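The values are calculated or read from the model by the stated rules, or taken from the named source; none is laboratory data. Just so it is clear, the model here is predicted, and its values are computed rather than measured. When we count neighbours, we look across all protein chains shown, and the Cβ atoms used for this are built from the backbone with ideal geometry, even at glycine.
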Amino acid sequence: MNIAKTAKVSLLALNRNKMRSFLTALGIIIGVGAVIAMVSIGQGAKAEVEQRFTEMGTNLLFVRPGSMSFRGVHGGGGSYTTLKDSDAKAILENCDAVQYVSPNVNTRAQVVFGNKNWNSSINGVGDKYPQIRNWDVEYGVFFDENQVRTGQKVCVLGSEVTENLFEGADPIGQIIRLKKIPFRVLGVLETKGEAGGFGSRDDMIAVPYTTAKGRLLNIDNIQSIDVSAVSADRTDEAMRQIEETLRIRHKIAPGAEDDFNVRNMSDIAEGASEATQILTLLLGGIASISLLVGGIGIMNIMLVSVTERIREIGIRMSVGAQERDILLQFLTEAVVLSVLGGVLGICLGLGSSSLISKFAGMKTLVSIGSIALAFFFAGSVGVFFGFYPARKASKLDPIEALRYE
Amino acid sequence: MDNNNLIQLENVSRIYQMGDSEVRALKGISYTIKRGDLLAIMGPSGSGKSTLMNIIGCLDKPSDGKYFLEGQEISTFNKNELARTRNKNIGFVFQNFNLLSRTTALENTELPLLYSDVPSKKSREMAMKALDMVGLRGRELHKTNQLSGGEMQRVAIARALVNNPSLILADEPTGNLDTKTGQEIMEIFTSLHSEKGITIILVTHDPEVAEFTHRRVYLRDGEIEREERS
């Protein structure tokens, strides 16, 4: 019996039991669909994170204070208060691989404008912040060097804050209040959008770090320094220069631990994309279990089907079907079911992943690889779980099968 | 070996193992059936007729002794060779018809050709011809459940015929039919025998059915008791 005939026989048999065939394939449909949808969520999150980091620029470096330990008790990262704005100036002056620096202090505060108020993150930054973060103002201007040096009460708003406080009115030149202190709005930053579950980046207000330090936080130190290297391939060099400069300035003896640490963007990006990789694996793994359950469903139904069709098998054998013919017929039925289920599952996966990104606001990314893998897996499930029932059918004795009631 | 002998049984035994005890269903049967015979195997239940039919029909093999069909020693065949022999040389008709349910008369008739190397276009033609021979022209697309008992048995005969076998084995072919329909089925068998010269073996305990045959072999306790000719 050739392949075409086998396929015909199997399709006829499946067609005779449409409802059962569909229910059997449903396990595979859901399994494949779940794998594709879940992996697309993981991949989407990964792509989102990677994109966000590239947007910020690969030549970005962060200087943060290290963890302080006093008589054996370690504080958390950033517990040193030894980072000063003079350090930032020194980095800019001494390190020739460094292009811009921006000292940072952050806090949260209630923002009031007229009768509206909003709680937002307040970033005290330097005047080069837009250049370092690759983030321009949409309209208006950013504060300049002079305004930073003299600690002016000015600010630039993120688009979400603008939306919530001004509701379409022109914010430029308006006065908002942070901790009862009036600030004049200079400009509005470009919209950066959602950050894939990491919160909106547009819900922030940039003020000169000098102002934030003196008037909002009342501290003398700064919390971190954003640095951009002159080019992406000189970030390592810039890192070394910064470390050297700060060790000298902080009078750290050779061999002693730094009271600060410098990290570059690619380290951070790597860590973040590793986390999303784990997310992808986890989601994909859970979905694969449903595919496995679908496969067991196929085996279950095929076993029932073999028992139910013992007489049919006997008839086929009596007219000359060989073991191989019966084996192939039942195996083909299982494979057709799982491949058909695989195709429908791919459609389901594509559909649900686009629904997820539309309604849940998550970025999803369907890769050809995950489709191919899910499809291949579905086919293998068919062969694997179809083989045992098919073999059982082919080993039946024709005399007993014909007599079976 | 005489070329006119279709079937030759030499001291054929069949022993079933039932737990610890042995059941000897056939006890050394030797018999020869010529080409073009129309013969009945008769006997009470438990006499071994079904066992003998299974062996002649290549569904089973003797435990001991030799069985030749068309000069081939079937008793040495493996499962696949037995299946091929059933496919090419033998047509079965059963008491309970044994047709595939929810399947058309034509597809049922075509079934043996599905497992042969006949191309599908040719097999359709052959199936139509076989259905025509049993008087079912025009009913080929009716499904099994739309057919009467007599019609189902005619489909079964068409299926047995379709491969131009040298032997048709019918096991109580009228057992599930009323007398009149049974007569009609027997008339089909006799006309197939006289017109096409097909060898037909009927297994029955109904003397009325046996009337139609030329030879009657009586089995009792796994042995041939007597033979009658008419």
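Taking segment A:367-405 only, how many residues are within 14 Å of chain B (Cβ to nearest Cβ), buried (at least 20 other Cβ atoms within 10 Å of the Cβ) and not hydrophobic (A, V, I, L, M, F, W, C)?
2
Quick test for you: out of B:Ile56, B:Ile74, pick the one residue that is hydrophobic (A, V, I, L, M, F, W, C) and in contact (Cβ under 8 Å) with a residue 60 or more places away in the chain.
B:Ile56
Kindly indicate which of A:Leu303, A:Leu282 is in a helix (DSSP H, G or I) and loosely packed, with under 14 Cβ neighbours inside 10 Å.
It is A:Leu282.
Please report, ordered by residue number, the helices (runs of 4 or more DSSP H) entirely within segment A:316-405 with at least 3 residues that are of a type in the set (S, T, N, Q) and in the same structural domain as A:Ala34 (by TED's automatic domain parsing).
A:323-359, A:368-394
Given the criteria within 14 Å of another protein chain (Cβ to nearest Cβ) and touching a helix residue (DSSP H, G or I) at 6+ places or on another chain (Cβ under 8 Å), does A:Thr332 qualify?
yes
Residue by residue through segment B:102-120, note down the ones that are more than 8 Å from chain A (Cβ to nearest Cβ) and of a type in the set (Gly, Ala, Ser).
The answer is B:Ala105, and nothing else.
Is it true that A:Leu291 is modelled with pLDDT under 85, in a helix (DSSP H, G or I) and farther than 30 Å from A:Met239 by Cα?
For A:Leu291, the condition - modelled with pLDDT under 85, in a helix (DSSP H, G or I) and farther than 30 Å from A:Met239 by Cα - is met.
Residues of segment B:186-217 being of a type outside the set (A, V, I, L, M, F, W, C), out of contact with any Gly (no Cβ under 6 Å at 6 or more places or on another chain) and part of a loop (DSSP other than H, G, I, E, B), which ones?
B:Thr204, B:His205, B:Asp206, B:Glu211, B:Thr213, B:His214
So is A:Leu327 farther than 30 Å from B:Ile90 by Cα, surrounded by fewer than 24 Cβ atoms within 10 Å (Cβ to Cβ) and either within 14 Å of chain B (Cβ to nearest Cβ) or hydrophobic (A, V, I, L, M, F, W, C) (or both) or not?
Spelling it out, it is not the case that A:Leu327 is farther than 30 Å from B:Ile90 by Cα, surrounded by fewer than 24 Cβ atoms within 10 Å (Cβ to Cβ) and either within 14 Å of chain B (Cβ to nearest Cβ) or hydrophobic (A, V, I, L, M, F, W, C) (or both).
Give me the residue from segment A:176-217 that is within 24 Å of A:Asn261 (Cα to Cα) and at pLDDT below 90 and, out of that set, surrounded by the most Cβ atoms within 10 Å (Cβ to Cβ).
Here the residue is A:Lys213.
Report whether or not A:Gly342 is more than 14 Å from chain B (Cβ to nearest Cβ) and crowded, with 21+ Cβ neighbours inside 10 Å.
yes
Restricting to segment B:58-70, count the residues that are away from chain A (no Cβ under 14 Å) and surrounded by fewer than 21 Cβ atoms within 10 Å (Cβ to Cβ).
The qualifying residues number 6.
Can you find even one residue in segment B:31-41 that is over 29 Å from B:Arg154 (Cα atoms), touching a strand residue (DSSP E or B) at 6+ places or on another chain (Cβ under 7 Å), assigned to a loop (DSSP other than H, G, I, E, B) and of a type in the set (Gly, Ala, Ser)?
Within segment B:31-41, none of the residues are over 29 Å from B:Arg154 (Cα atoms), touching a strand residue (DSSP E or B) at 6+ places or on another chain (Cβ under 7 Å), assigned to a loop (DSSP other than H, G, I, E, B) and of a type in the set (Gly, Ala, Ser).
Output the number of the condition that B:Gly150 fails; it satisfies all remaining conditions of (1) free of Cβ contacts under 8 Å to residues at least 24 places away in the same chain; (2) in contact with a helix residue (DSSP H, G or I) (Cβ under 9 Å, 6 or more places away or on another chain).
All conditions pass for B:Gly150, except number (1).
Going through segment B:71-97 one residue at a time, which ones are away from chain A (no Cβ under 11 Å) and surrounded by 17 or more Cβ atoms within 10 Å (Cβ to Cβ)?
Passing the criteria: B:Ile74, B:Ser75, B:Phe77.
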